[in-house]
Structure formats: C-alpha cells, structure tokens
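Peer 1: Attaching a single structure in structure tokens format; questions to follow.
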Amino acid sequence: MRDVEVIAEPAAAMVALDPVRARLLAELREPASAATLAAKVGLTRQKVNYHLRQLEAHGLVEVAETRTWGGLTERLLVATAAGFVIAPAPLGAPTRANPLSAAYLIALAARMVREVGRLAGAASSAGKAVPVFALDTEIRFASPADRAAFADELTAAVSRVAAKYHDERAPDGRWQRLVLAVHPKPKDEA
C-alpha cells in the first residue's frame, strides 16, 4: 500500500469524492469484506458492493484476499493507498501567470502535486524513497510594507543560496525544483 496516491483522472476523482465511497476508502486501510463494511457504515451489503465495484474500477481499491466457504467466495478489499489527494487542475501555465496572483500559486501547487505524486508512485513501486525536503512555517507581518520587504529579502537570500549550490555542468547532477510560497492563512484555522 502506498502512503499517498494522487488522483489525476476526473472520473476517478468523482468516484472518490462521493461521501459513501470516501468513507469506505477510509475504512479500507485494512482489508475488509463488503459484509464487514456494511455493518460498519450502516448500509446493505449490496449497496456496499456497488460502491466497492466503482472504487475497484478506478483502481482505488484492490483485492487483498479471497476466501471460499462452501460455494461462496468472499473478497477482502483494501485501499491502494493510505491516503488520496485529488490533483487540482492547473489554472494555466505558471510561467505565463503573474507571480503575485493566486492563479499562479494554484498552478504551481497543482504542478507540484502532479510531479511529486508521479515520483512517489514510481518510487513506491520500486521500493525507494523520493529525495524531497519541505519547510512550512507561519509568520505574522505588522504591515503590508513589512510583507513586501520580507519578500524582497527572501528572494535575495534564496537566489544567493541557489547560485552557491547550482552546478550547470555537474556530470551526475540532478535537477531539482524549488517552490516557495507565501499566502494568507485562512481566518477559520487556529
């Protein structure tokens, strides 16, 4: 089971976003049968089977085990990942957008989700890890002028550090993508 799977196909996203199916995916971190799930979520086994077939058709769950009792075969299904992320559709190419616009930031985030999701899937299949680094912090600015000064200073610092470590001609070098973003914290978050 992968840690996270990025859902890029619109049809698969619609299947995963259905509230009943999302609940079933959450329950399927461990293998379970339709009968077991039906008891947990309060639906009939037939309805649960219907939703499981939809999830299976889009590669979101898979058969973990089958059990045969008399003439009946019971399938235990499991989610293909511990968590799922719906890849946002880009709002145009980031290189053509205004770097001070929300559309630009959303396009960068969408590209990051697609790229890292694809890398994580390939690495997981190969039993490897993706060499990534993430930094997340919060800052409270006293004024818009302080925010602008911070952006200028951060740009200069990142440019200086990137220039120090960048080697265009490194024979075994590997390109990395660096994305920094500053956005308002939603008011409803603590």
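The values are calculated or read from the model by the stated rules, or taken from the named source; none is laboratory data. The structure presented is a predicted model; accordingly, all values stated were derived computationally and were not measured. Note that each Cβ is placed from the backbone with ideal geometry, even for glycine, and that neighbours are counted across all protein chains shown. Accessible surface areas use protein heavy atoms only, side chains included; no ligands, DNA or RNA. Shrake-Rupley method; radii C 1.70, N 1.55, O 1.52, S 1.80 Å.
Peer 1: Taking +1 at the Cβ of each Lys and Arg and -1 at the Cβ of each Asp and Glu, which of Asn98, Val85, Asn49 sits farthest along the dipole of the range 1-102 towards its positive end, judged by Cα position relative to the Cα centre?
Peer 2: Value: Asn49.
Peer 1: Amide H neighbours of Glu5 under 5 Å, counting only residues 5+ apart in sequence or on other chains, H built in-plane at 1.01 Å?
Peer 2: It is Gly83, Phe84, Val85, by chain and number.
Peer 1: Taking the square root of 5 times each eigenvalue of the Cα gyration tensor, what semi-axes in Å does the equivalent ellipsoid of the range 114-190 have, largest first?
Peer 2: 31, 22, 8
Peer 1: Tally up the carbon and sulfur contribution to the accessible surface of the chain as a whole percent, 1.4 Å probe, everything protein left in place.
Peer 2: In the chain, the share of accessible area belonging to carbon and sulfur is 57 percent.
Peer 1: Additional query: Please state the shape class of the range 7-66: rounded when a/c is under 1.5, otherwise prolate if a/b exceeds b/c and oblate if not, all from the C-alpha gyration tensor.
Peer 2: Note, shape of the range 7-66 comes out prolate.
Peer 1: Oh, and also: Return the Rg/Rh value of the range 1-108, two decimal places, where both radii are evaluated on C-alpha atoms and Rh is the Kirkwood radius.
Peer 2: Here Rg/Rh amounts to 1.15.
Peer 1: How do the peptides 122-129, 161-168, 45-52 rank, highest first, by the average count of neighbouring beta carbon atoms within 10 Å per residue?
Peer 2: Taking the mean over residues of other Cβ atoms within 10 Å, the ranking is 45-52, 122-129, 161-168.
Peer 1: Hey, can you list the DSSP H helices of the chain whose Cα span along the axis is 15 Å or longer and whose average Kyte-Doolittle score is at least 0.5?
Peer 2: The answer, listed by residue number, is 102-125.
Peer 1: By the scheme Lys and Arg +1, Asp and Glu -1, what is the net charge of all other residues having a beta-carbon under 15 Å from that of Ala16?
Peer 2: Result for the neighbourhood of Ala16: -1.
Peer 1: When only alpha-carbon atoms count, how far does the chain stretch along each of its three principal axes, as whole angstroms with the largest first?
Peer 2: 72, 47, 28
Peer 1: Place the peptides 99-111, 65-77 in order of packing, highest mean first, counting for every residue the other Cβ atoms within 10 Å and averaging per peptide.
Peer 2: 99-111, 65-77
Peer 1: Taking 8 Å as the Cα distance limit and 6 or more residues as the minimum spacing, I'd like the relative contact order of the chain as a percentage.
Peer 2: This gives 21 percent for the chain.
Peer 1: If you don't mind, another one. What is the gain in length, in nm to one decimal, between Arg160 and Ala102 on full extension, counting 0.36 nm per residue of separation less the C-alpha to C-alpha distance?
Peer 2: In short, 18.3 nm is gained.
Peer 1: Follow-up. Sequence-distant or interchain residues sharing an amide H contact under 5 Å with Ala64, placed H: which?
Peer 2: Leu76, Leu77, Val78
Peer 1: When the chain is fully extended, how far beyond the present Cα-Cα distance does Ala11 get from Ile86, taking 0.36 nm per residue of separation?
Peer 2: 25.9 nm
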